[in-house]
Amino acid sequence: MGGVAAGSNKLEQNYRKPVAPVSTLQFKSVADSSPMSATLPFIYTPHPVVGLSPEALDKYIVGNDPDTGRPVIEEIIEVLTKPVTGRTLPPPPVKAESGPPPALLAPDTEDNLQRLFYEKGWTDGSPIILPTEDRVAKMLAGTCASPDDIAAESFSFETREMVKYTVRHIAVIAVMAGATPEMFPVILAVAATRQSSLMPSTTPFEAMLLVNGPIRNEIGMNCGIGAFSAFNKANSVIGRAWTLMSIAHGFAKLRSTMWSSQGNNHTYNNMCVGENEERSVWEPFHVTKGFKKEDSYVSIFRGWAMVNSYATASKRSLAEELSYQLAVMPPINSAATVIMDPMVARNLKENEGFANQQDYARYLSKNLKMTAGQYWKTDHIDMLVASEAYKGVEPYASWKKLPDDAMIYPYHKPENINIIVVGGETSPVWKAADYGYSGSAPVDKWRAHPAGAVCKDGECGLPDAPGEYDK
């Protein structure tokens, strides 16, 4: 809605072109409440649009606007055939002259404070560790950064401005998630990516955190058996901290910044895991991105679909079996992510001849195919990629001209296919996803002590003993 309003206002204000913005009735409340869109002549159709046939969408246009009762097409023609009026953008909202909100809550019982955090929408729905001054101070001892250093920045949809978050703010989140000071540098690295784990989409969008380097073992991350399951503290609370950050930054307000119809349970800890570098026959993921093996990094992946394997590749090669799964996921920008057990990587290298991840990615790129019809008739491909074809961008422009039954190779950029090794070698399984790689951030810059230093309780700035929430 924000993009539609911004584009419409630009056409009117800069080019004096009449605009007839169209949305579904589901988002009328957003248009009415936003200064950017409240003065625009929005026209509404029924909801939804995604997933409906062209015939059904045609009926929307010739049918009545559910807000006004008038035919939608007549409203569009009426707006587009009139000159642009003198409508101007409203002035930005004036901030009330008031001081910053109080940094501390009044003392209360634990039950009452838990209830307050829940009622204010400050949690993910589960109980939190209450961020007392003492606990936050202990968390801050886990980093060399000053409490007032800026760790993250996020756009506020409420105030329409960039909001800066300090290391102290992130420490509060880390305490709430149940992290220890040793884990805090990883959480700060996640914050530094300036990315939200939650997306303002109606779809079940999801994300994944991958940790590489020595920090995995130092904080006891699970990279092996059951790595994605609910067993390990570091995996759980680091991933949860990212969601709590995203909530605190305003990305979880229903019908405002959170529109996912069903949501996604992966966002409780965002599939946070460490790569099993020790058991992999290939180099670590962060090394494939140009970083040093001895450095610690956190990487982010995003997408819609994740498919578990059945581990049934005895009648065909593993490469062929994986190809079948990825071939049902029309990719955006050739993106895919395969998370495989070390046994799968070993088989691919020793028995099928793939010396490294890049070799296997090139194989997938050359062999994964689907029909042009399957590709273009996928809603999110049509919505996000068709415009590239119409602009003449290859190979999309050529693919768009093909008949529906023509075969294409949609994973045409092998560098966008990510191969990750995770698992405990109890079964040769994998996960195949349409996830794209969104970038990595260094962990070591946030440490309280140099990477590789051996510290005991009371040294390196860490607390003397675990707090009660560490047990």
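Structural remarks
- Bins of 10 Å from zero: percent of alpha-carbon pairs in region 117-232: 11, 37, 40, 11, 0
- Sorting 247, 73 on solvent-accessible area from highest to lowest, probe radius 1.4 Å, gives 73, 247.
- Solvent exposure of residue 109, expressed as accessible area, is near 70 Å², computed with a probe of 1.4 Å over the protein chains only.
- The orientation-averaged projection of the convex hull spanning the C-alpha atoms of region 181-230 amounts to 4.7 square nanometres.
- Accessible area per residue in Å² at 1.4 Å probe, computed on the chain: 50
- Surface accessible to a 1.4 Å probe, residue 447 within the full protein complex, Å²: 10
- Part-to-part distance (alpha-carbon centres) for region 1-44 and region 333-383, which is given in Å: 40
- Surface share of carbon and sulfur [accessible, 1.4 angstrom probe, percent] for the chain: 55
- Nearest-10 value in Å² for the accessible area of residue 297, using the 1.4 Å probe: 30
- Each residue, residue 53 and residue 14, gets one label point 7 Å from its Cα in the Cβ direction; the gap between the two is 4.0 nm.
- Geometric descriptor of the chain, per residue, is 179 Å³ (volume of the convex hull of the Cα atoms).
- Legend: residues 412, 169, sorted from most to least accessible area (1.4 Å probe; ligands, DNA and RNA excluded), read 169, 412.
- Out-of-range pairs (alpha-carbon distance over 22 Å; input 164/233; 369/431; 138/289): 164/233; 138/289
The values are calculated or read from the model by the stated rules, or taken from the named source; none is laboratory data. In this text, all values refer to a predicted model and were calculated from it rather than measured experimentally. When we count neighbours, we look across all protein chains shown, and the Cβ atoms used for this are built from the backbone with ideal geometry, even at glycine. When the accessible area is computed, the model is the full protein with side chains, heavy atoms only, and any ligands, DNA or RNA have been set aside. Shrake-Rupley method; radii C 1.70, N 1.55, O 1.52, S 1.80 Å.
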